[in-house]
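Read through the structure below, which is laid out as C-alpha cells, and then see the notes.
Since every read-out is calculated from the coordinates, none of them should be taken as a lab result. As the structure is a computational prediction, the values presented were derived from the model and not from experiment. When we count neighbours, we look across all protein chains shown, and the Cβ atoms used for this are built from the backbone with ideal geometry, even at glycine.
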Amino acid sequence: MKRESLEQLLAARANRQAVALITDLASGAQRIVPRGDAANDPLAEKLDEAFRFDQSGSHEGQFINIHNPPLRLVIIGAVHIAQSVIPIAQQLGYDVTVIDPRGAFATGARFPGIQLHAEWPDEVIPRIGLDPRTALIALTHDPKIDDPSLDLALRSEAFYIGALGSKKTQGSRAQRLKDAGFPDEQLARIHGPIGLNIGAKGAPEIAVSIMAEMTRALRLGA
C-alpha cells in the first residue's frame, strides 16, 4: 500500500468516515472512494452493497476493501429494556453508550462496563456526535428526555432512530416534533412504535424486535 493511501485510510478512521480502498488486480493501482462519493463511481452498485454489508471482495478485476467505522448505539434511558438490548447489540458489534439524566437509573451497578452519561441528552449528543454508522433509540417515555434526543437525531445522519411507545404516544410525539418545525418526511425516519411487529412481550423480546429492525435498517436501508 502506498503511503498516501495509508494516510488517507488513517485519517478516515480518525474521522469515522467510511471509505473503500479499490485495487486494480492487474496493475496494482489504488484509489480511495468515500462512501458519500460512491454513487458517482463506476463500481457504484457493488460499492453500495459492499458498504451496507461490510463486505470486501473482488469484482471485475478489482479488489474492494471496505473500511467502515465501528457501529455505535446511543440509548436514551437507563431502563430495563436497555439492559436487554445491550448484550444483543454488543454481540452484533455495537459500541454502546447510555444517556439518562436520572442518576438513580444510570449507575455502574445496573450497567457494568457501559459508557454512561448521567446528563441531559442535549448536553451529551453534541459532544459524541451521531453519524451514518450510529443508531439512536429513545426509551424513557419522558418527552423532556426523549424529545430533545429525537430532535438532534433527526438533524443527524444516524442510520436508525427508534422511540418506545404506543401508536398514540408516537402520534403525540410526532405532533410535538412537527410543531417544532420537522416536516413529515423527516419524522418518517423515526421508527415508532419501535421494533419489528413480532408480538413481543417483555423486555427481552422487545429487545430482539428492536435489534432486528435496526439490523434491517443497517443492511437494507429500510
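What to note about this one:
- Ellipticity at 222 nm from helices only: DSSP H runs of n ≥ 4 in the chain, each -39500 (n - 2.57), divided by the residue count, give -12500 deg cm²/dmol.
- Put simply, when 173-186, 204-217, 136-149, 22-35 are sorted by average Cβ atoms within 10 angstrom per residue, most first, you get 136-149, 204-217, 22-35, 173-186.
- Using a Förster distance of 41 Å, the FRET efficiency for Leu10-Lys168 (Cβ separation, nearest 0.05): 0.25
- Distance (nanometres) between label positions extended 7 Å along Cα→Cβ at Glu119 and Ala188: 3.5
- Inter-label distance for Arg127 and Asp37, nm, one decimal - labels placed 7 Å from Cα along Cα-to-Cβ: 3.4
- Cα gyration tensor shape for segment 91-222, rounded if a/c is under 1.5, else prolate or oblate: rounded
- Amide H to amide H distances under 5 Å link Asp95 with Leu71, Arg72, Leu73, where only residues 5 or more positions off or on other chains count and H is placed in the peptide plane.
- Partners of Lys46 within straight-line reach, counting aspartates and glutamates whose Cα lies under 16 Å from its Cα and excluding those fewer than 8 residues away in the same chain: Asp24, Asp37, Asp54, Glu60.
- Positive contributions from Lys and Arg (+1) and negative ones from Asp and Glu (-1), summed over other residues with Cβ under 15 Å from the Cβ of Gly195, come out at +1.
- Summarising the label geometry, the points placed 7 Å from Cα in the beta-carbon direction at Ala109 and Asp95 lie 2.9 nm from one another.
- Distances between every pair of Cα atoms in the chain, grouped in 10 Å steps from 0 to the bin holding the largest one, split as 8, 31, 31, 19, 9, 2, 0 percent.
- The chain, relative contact order in percent, only Cα pairs under 8 angstrom and at least six apart counted: 15
- If the segment from Asp142 to His59 were pulled out straight at 0.36 nm per residue, it would be longer than the present Cα-Cα gap by 25.0 nm.
- The listed peptides 71-78, 38-45, ordered by packing as a protection proxy, come out as 71-78, 38-45 (highest mean of other Cβ atoms within 10 Å first).
- Under 28 Å of direct C-alpha separation, and excluding same-chain neighbours fewer than eight residues apart, Lys178 reaches these lysines: Lys144, Lys167, Lys168.
- Alpha-carbon spread of segment 1-77, three principal axes, descending order, Å: 52, 27, 20
- DSSP beta bridge pairing in the chain, given as percent antiparallel to the nearest 5: 40
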